[in-house]
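The block underneath contains the structure these notes are about, expressed in C-alpha cells.
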DNA sequence: ACTTACCGTAAGTCATGGCTTACGCAAGAG
DNA sequence: CTCTTGCGTAAGCCATGACTTACGGTAAGT
C-alpha cells in the first residue's frame, strides 16, 4: 500500500498497465533517470505488486495479479463496514429533531 | 492514495471501520499523541476518505464512502488490464521454446 | 461568569526516502 | 577477444512529512 504512495512510482506502475515493459522503456517519457525507475520497480517488487523476468540483456517487468488482488481485498474489507456505518448515519439523521435517546 | 501510506494513519483509518469515533476515542490505544491523530484525520479528510461532524464539544469522524469508492475504482482499472496482460503472459509461456515473434 | 475539558493550529526537531551521479557487471555483436 | 549496450547498486544530497510540546479558542457544566 505504501508502495503506491509516491506519485512517480504510481506513474511507473501505470506504465505497466498496458502490458510488460523493460526498464528503459518505462524510464522513457518519465522525468526521472533510469536508475530511479529501477529502484521504484524494486520497491514495487518487494511489495508484491510487480514481478520481473530476465529477457536476454533486458529485464521485463509486469504487474503481479497476486499482490494487486490482496490490495483489492484489503480495501473491500473497509467498503462493507463503511457502507454499513453510513447506513446507520443516514437513519440517525432521519430522526434528527428527536435524536436524544442515548449517547456516550 | 498516498494518504494511506503511513502505518499510523492506516491504524487511525482502521479504527473508523467499526463506526464513527471522536478524536480522543481514536487516540486512546494508539502510541501517538492526540494532536497527531488530529493531523492524520485532517490529511484523511483532505483526501476525501473521511468526513467529520461536530457533536457538542467533540468532533466525530467517520469513513466517507465517496472517496473510498473512488479509490476502489482506481484500483479496479488496473485489475482488468493486469489480468489481460497476465493472460497474454500465460499464453506466451505456453509456446516458450518458440517465442521469438517480435517485441519492443 | 468562571472553570474545565476538548479540539485544532503553530513551531520546531528528526527520521524516512526519493533522486542523481558514478561505478561495476553481464550479455550479445563484430 | 573486445566493444557496446543495458541493468542494478552504492553514496551523498535534499525535500517531504511525521511527531511532540505549547498555545488559543469554543462549548458545556457549576
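The values are calculated or read from the model by the stated rules, or taken from the named source; none is laboratory data. Small disclaimer: the values here were computed from a predicted structure and weren't measured. As a convention, Cβ positions derive from the backbone with ideal geometry for all residues, glycine included, and neighbour counts pool all protein chains shown.
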(message) One residue is enough: does the stretch B:3-13 have a residue meeting the conditions surrounded by fewer than 19 Cβ atoms within 10 Å (Cβ to Cβ), more than 10 Å from DNA strand D (Cβ to nearest atom) and modelled with pLDDT of 90 or more?
(response) yes
(message) Return the residues of the stretch A:39-55 that are within 11 Å of DNA strand D (Cβ to nearest atom) and surrounded by fewer than 16 Cβ atoms within 10 Å (Cβ to Cβ); say none if nothing qualifies.
(response) A:39, A:42, A:46, A:53, A:54, A:55
(request) Could you give me the residue pairs with C-beta distances under 6 Å whose first residue belongs to the stretch B:56-77 and is more than 16 Å from residue B:16 (Cα to Cα), whose second residue is in a helix (DSSP H, G or I) wherever it lies, and which are 6+ apart or on separate chains? (result) B:72/A:75; B:75/A:72
(message) Filter the stretch A:25-61 down to the residues that are part of a helix (DSSP H, G or I) and either away from DNA strand C (no atom under 13 Å from the Cβ) or out of contact with any helix residue (DSSP H, G or I) (no Cβ under 8 Å at 6 or more places or on another chain) (or both) and list them by number.
(response) A:25, A:35, A:39, A:42, A:45
(request) Among the candidates A:38, A:2, single out the residue that is facing another protein chain (nearest Cβ under 9 Å), over 19 Å from residue B:77 (Cβ atoms) and under 19 Å from the mean Cα position of the chain (by Cα). (result) A:2
(request) Quickly run through the stretch B:22-35 and pick out the residues that are more than 9 Å from DNA strand D (Cβ to nearest atom) and either surrounded by fewer than 15 Cβ atoms within 10 Å (Cβ to Cβ) or within 10 Å of chain A (Cβ to nearest Cβ) (or both). (result) B:22, B:24, B:25, B:28, B:29
